[in-house]
Ligand code: URA
């Protein structure tokens with residue numbers, strides 16, 4: 001079996017990620033960089049989308065031109081930080097259907113608690129791209145994938161910015177059928193469940209909260 005983890009370590013991605021890690025980077029710049037990186041990550045995540053051909057007329061002659069095949073993609077954001085990756089993807093694939101899953105981490109147990117769920121219809125026949133910038137313990141992502149599978153989703157990919165080895169291990173053990181796309185795998189998680197060296201709390205960095 002091929003590895004379920006793809007590290008998208010393109011120089012542009014790594015450069016932008018380093019700027020995001022820097023604690024002096026202001027929220028507005030952090031959001032802009034996250035939006036830019038989402039486009040670069042999406043390029044790899046969507047690489048194997050199926051194509052079909054339709055005959056079109058160019059100004060020169062007719063040709064069988066490639067177009068995306070099948071049902072429209074479904075993008076699902078884990079609130080709130082997932083929205084930082086979502087907006088760029090929506091620009092890139094404007095016809096995609098969009099779902100949201102609201103989960104927060106209980107500060108003591110680090111377990112995911114669900115508070116919101118809204119998914120598009122016919123999710124069972126759509127490729128689903130789940131997005132959240134940080135794969136830390138893997139609890140939230142795992143819980144989100146459980147909900148997607150309960151709703152019938154069969155083709156799920158997970159796209160994030162930064163991962164901890166602990167989260168990658170936990171997620172691949174729980175959902176080995178879900179490929180993970182990440183820009184980097186950092187050293188470890190600290191006692192508070194933060195990725196080290198990481199970039200801090202992605203939601204706080206995006207929205208200027210604390
Ligand atoms: N969530 C974050 O936003 N940052 C971390 O380091 C871990 C989880």
Residue 95 to residue 51: extension gain in nm, 0.36 nm per residue of separation minus the Cα-Cα distance? 14.3 nm
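How much of the pair distance distribution for the chain lies past 23 Å, counting alpha-carbon pairs only, in percent?
On the way: 9814 of 21945 pairs.
So the portion of pairs separated by more than 23 Å is 45 percent.
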Let a ≥ b ≥ c be the square roots of the eigenvalues of the Cα gyration tensor of segment 3-84; is it rounded (a/c under 1.5), or, if not, prolate (a/b larger than b/c) or oblate? prolate
Between residue 117 and residue 191, with labels modelled 7 Å along Cα→Cβ, what's the label distance in nm to one decimal, could you check? 3.5
Summing -39500 (n - 2.57) over every DSSP H run of at least 4 in the chain, dividing by its residue total and rounding to the nearest 500, the 222 nm mean residue ellipticity is -10000 deg cm²/dmol
Relative to the longest principal Cα axis of the chain, at what angle does helix 83-92 sit, 0 to 90 degrees, rounded to 10? 10
Report for segment 1-148 the percent antiparallel among DSSP-assigned beta bridges with both residues inside it, nearest 5. 55
If packing is taken as the mean number of other Cβ atoms within 10 Å per residue, what is the order of 65-76, 35-46, 127-138, highest first? 127-138, 35-46, 65-76
Would you mind giving the three semi-axes, in whole Å and largest first, of the ellipsoid equivalent to segment 102-172 according to its Cα gyration tensor? 21, 15, 9
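At R0 = 45 Å, how high is the FRET efficiency between residue 201 and residue 58 if r is their beta carbon distance? Nearest 0.05 is fine. Each step should come with its number before you reach the end.
Values: r = 50 Å, r/R0 = 1.11.
My answer for the efficiency is 0.35.
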Where the centroid of each part is defined by its Cα atoms, how far is segment 171-210 from segment 1-30 in Å? 11
Sort 100, 175 so that the residue with the fewest other Cβ atoms within 10 Å of its own Cβ comes first and the one with the most comes last. 100, 175
Say each of residue 22 and residue 125 gets a label point 7 Å from the Cα, pointing the same way as Cα to Cβ; how far apart are those two points in nm? 4.9
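The numbers here are math on the coordinates, done by the rules we state, and not lab data. Because the structure is predicted, anything quoted here is derived from the model rather than measured. Heads up, the Cβs are rebuilt from the backbone with ideal geometry, glycines too, and the neighbour counts pull from every protein chain shown.
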